[in-house]
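J.: A single structure is presented below for examination.
The values are calculated or read from the model by the stated rules, or taken from the named source; none is laboratory data. Owing to the predicted nature of the structure, the values given are computational and were not obtained by experimental measurement. Cβ sites come from the backbone with ideal geometry, for glycine too, and all protein chains shown count toward neighbours.
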Amino acid sequence: MSAKDSRNLYDVTRKWAFFVPMLAFPASFVINAPFGRFTPSGKSIFLLDGRWSWMVMELVSPSAFIYTYLRSPLSPTTFGTSPPLSIENPSAVLAGLFLIHYANRAVFSPLRTPSRSKSHAIVVLSAIVFNAINGPLLGAYLSSPECLSHLTGAYERPRFWLGILMWAAGFVGNIVHDEILLNIRWKKQSEDAKKTPEQLAKEKKRGEHYAIPHGLLYKYISYPNYFCEWIEWLGFALAASPLPSFGGLETFLATITPPFLFFVAEVFTMMPRAVRGHQWYHRRFPNYPKERKGVIPFIL
């Protein structure tokens with residue numbers, strides 16, 4: 001594919017990557033994505049193993065990212081084969097942060113999970129499509145001339161380091177709050193080891209085990225892992241690219257970059273699930289903390 005064709009494909013995909021999450025946003029407040037606590041009950045050939053399906057769909061993004069980052073489709077003659085892969089190149093540092101996140105998300109976290117609810121095939125396919133778009137967009141952008149131009153002298157700019165700090169805070173926050181959820185599962189597994197097969201069979205019919213999480217930001221919101229992930233990718237976007245222009249829709253679409261598109265997509269897809277999940281917690285647990293918000297402390 002020529003550089004011109006690559007640019008046209010990149011621009012068209014970038015615009016659709018903005019509109020599709022927005023179009024799905026209202027429906028997501030009504031229709032629950034069938035995975036996790038919203039997995040349909042009963043047996044179906046469309047219900048897939050939660051752990052392995054998660055790993056497959058999430059590995060798509062870093063795999064596609066690596067391919068497009070190294071191929072540099074928007075600047076095929078700038079680097080020869082790939083952009084400079086050293087700490088002196090801020091783009092390579094940001095690429096490393098992206099891959100660190102997905103190493104945890106797609107490999108380490110699911111392998112450490114003692115149990116995970118099944119996922120419907122439609123969720124897995126939707127995630128594969130999203131990741132097959134998001135990964136290449138980010139890889140193409142971070143190796144593009146406009147990104148590298150923007151990142152010239154980035155190490156001397158406070159905004160770059162603010163973005164990196166936000167990414168690090170969000171990444172660590174995501175992990176520690178996921179660890180609280182993991183501990184609930186590990187505790188349940190330890191308790192199950194002491195039960196009879198008959199007791200385990202009865203509990204299995206009731207589905208995956210859930211309990212009220214406590215500690216850190218769980219004091220204020222039901223989904224601190226979502227909130228921390230938003231901070232992480234907002235920081236990444238601030239470090240990686242200029243702010244989009246808000247001088248009208250056409251100008252906005254022409255200037256919004258894949259890092260900000262990723263952040264917007266995260267908010268639009270995760271916020272409805274957090275709101276619905278917060279409501280689910282209140283229905284499931286009569287003693288659920290009433291002062292706890294859904295996903296943004298003190299606000300939502």
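J.: Determine whether the stretch 78-85 contains at least one residue that is within 26 Å of ARG273 (Cα to Cα) and of a type in the set (Val, Ile, Thr). Break it down into steps so the answer makes sense when it comes.
T.: Residues of the stretch 78-85 within 26 Å of ARG273 (Cα to Cα): none.
Scanning the stretch 78-85 turns up no residue that is within 26 Å of ARG273 (Cα to Cα) and of a type in the set (Val, Ile, Thr).
J.: Among the residues of the stretch 58-77, count how many are closer than 14 Å to LEU94 by Cα, surrounded by 20 or more Cβ atoms within 10 Å (Cβ to Cβ) and out of contact with any Leu (no Cβ under 8 Å at 6 or more places or on another chain). Before you say what the answer is, go through the steps one by one.
T.: If we filter the stretch 58-77 for residues that are closer than 14 Å to LEU94 by Cα, which is where we start, we get 62, 65-66, 69-70.
Keeping just the survivors that are surrounded by 20 or more Cβ atoms within 10 Å (Cβ to Cβ) gives 62, 65, 69.
Next, only the ones that are out of contact with any Leu (no Cβ under 8 Å at 6 or more places or on another chain) stay: none.
Total meeting the criteria: 0.
J.: Another question about this same structure. Please go through the stretch 2-14 and pick out each residue that is of a type outside the set (Val, Ile, Thr) and either surrounded by 11 or more Cβ atoms within 10 Å (Cβ to Cβ) or assigned to a helix (DSSP H, G or I) (or both). Before you say what the answer is, go through the steps one by one.
T.: Keep residues of the stretch 2-14 that are of a type outside the set (Val, Ile, Thr), which gives 2-11, 14.
Passing the criteria: ALA3, LYS4, ASP5, SER6, ARG7, ASN8, LEU9, TYR10, ASP11, ARG14.
J.: Something else about it: Of a type in the set (Gly, Ala, Ser), at pLDDT below 90 and more than 20 Å from GLY163 (Cα to Cα): does that describe SER109?
T.: Values: of a type in the set (Gly, Ala, Ser): yes; at pLDDT below 90: no; more than 20 Å from GLY163 (Cα to Cα): yes.
Considered against the rule, which asks whether it is of a type in the set (Gly, Ala, Ser), at pLDDT below 90 and more than 20 Å from GLY163 (Cα to Cα), SER109 comes out as no.
J.: Oh, and also: Which numbered condition in (1) exposed (fewer than 13 other Cβ atoms within 10 Å of the Cβ); (2) of a type in the set (A, V, I, L, M, F, W, C); (3) within 24 Å of the chain's Cα centre (by Cα) is the only one that ILE164 fails?
T.: Just one mismatch for ILE164, condition (1).
J.: I want to confirm something. Restricting to the stretch 15-45 and keeping residues that are of a type in the set (S, T, N, Q) and in a loop (DSSP other than H, G, I, E, B), which single residue is modelled with the highest pLDDT? Outline the logic, then answer.
T.: Kept after step one, since they are of a type in the set (S, T, N, Q), are these residues of the stretch 15-45: 28, 32, 39, 41, 44.
This time we only want the ones that are in a loop (DSSP other than H, G, I, E, B), so: 32, 39, 41, 44.
On the way: ASN32: 78, THR39: 78, SER41: 74, SER44: 82.
Per the stated criteria, the residue is SER44.
J.: Same structure again: Pick from the stretch 172-217 the residues that are of a type in the set (Asp, Glu) and over 20 Å from TYR281 (Cα atoms): which of them is modelled with the lowest pLDDT? Give the derivation first.
T.: Step one: list which residues in the stretch 172-217 are of a type in the set (Asp, Glu), which gives 178-179, 191-192, 198, 203, 208.
Narrowing the set further to residues that are over 20 Å from TYR281 (Cα atoms) leaves 191-192, 198.
Numbers: GLU191: 68, ASP192: 63, GLU198: 67.
The qualifying residue modelled with the lowest pLDDT is ASP192.
J.: Would you mind finding the one in PHE252, PHE298 that is under 16 Å from LEU217 (Cβ atoms), over 18 Å from the mean Cα position of the chain (by Cα) and aromatic (Phe, Trp, Tyr)?
T.: Only one candidate passes the filter, namely PHE298.
J.: Still on this structure, please answer the following. Suppose we filter the stretch 248-300 for residues that are surrounded by fewer than 18 Cβ atoms within 10 Å (Cβ to Cβ), acidic (Asp, Glu) and in contact with a helix residue (DSSP H, G or I) (Cβ under 9 Å, 6 or more places away or on another chain); how many remain?
T.: Count: 1.
J.: Evaluate the following for PHE46: is it surrounded by fewer than 17 Cβ atoms within 10 Å (Cβ to Cβ), touching a residue at least 12 places away in the same chain (Cβ under 8 Å), touching a strand residue (DSSP E or B) at 6+ places or on another chain (Cβ under 6 Å) and not acidic (Asp, Glu)?
T.: Working: surrounded by fewer than 17 Cβ atoms within 10 Å (Cβ to Cβ): yes; touching a residue at least 12 places away in the same chain (Cβ under 8 Å): yes; touching a strand residue (DSSP E or B) at 6+ places or on another chain (Cβ under 6 Å): yes; not acidic (Asp, Glu): yes.
When the stated conditions are applied, PHE46 passes them.
J.: Mind checking which pairs have a first residue in the stretch 148-166 that is charged (D, E, K, R) and a second that is surrounded by 13 or more Cβ atoms within 10 Å (Cβ to Cβ), Cβ under 7 Å, 6 or more apart or different chains?
T.: If the second residue must be surrounded by 13 or more Cβ atoms within 10 Å (Cβ to Cβ), the pairs left are ARG159/LEU238.
J.: Report, by residue number, each residue of the stretch 40-71 that is within 19 Å of the chain's Cα centre (by Cα) and closer than 26 Å to HIS278 by Cβ.
T.: GLY50, ARG51, SER53, TRP54, MET57, GLU58 - these are the residues of the stretch 40-71 that are within 19 Å of the chain's Cα centre (by Cα) and closer than 26 Å to HIS278 by Cβ.
J.: Could I ask something else about it? Restricting the search to the stretch 118-130, which residues are under 26 Å from VAL93 (Cα atoms) and touching a Phe, Trp or Tyr at 6+ places or on another chain (Cβ under 9 Å)?
T.: Listed by number, the list holds a single entry, ALA127.
J.: If you check LEU125, LEU99, which single one turns out to be surrounded by fewer than 20 Cβ atoms within 10 Å (Cβ to Cβ) and more than 15 Å from the chain's Cα centre (by Cα)? Reasoning before the result, please.
T.: Numbers: LEU99 fails: more than 15 Å from the chain's Cα centre (by Cα).
Being surrounded by fewer than 20 Cβ atoms within 10 Å (Cβ to Cβ) and more than 15 Å from the chain's Cα centre (by Cα) holds for just one of LEU125, LEU99, which is LEU125.
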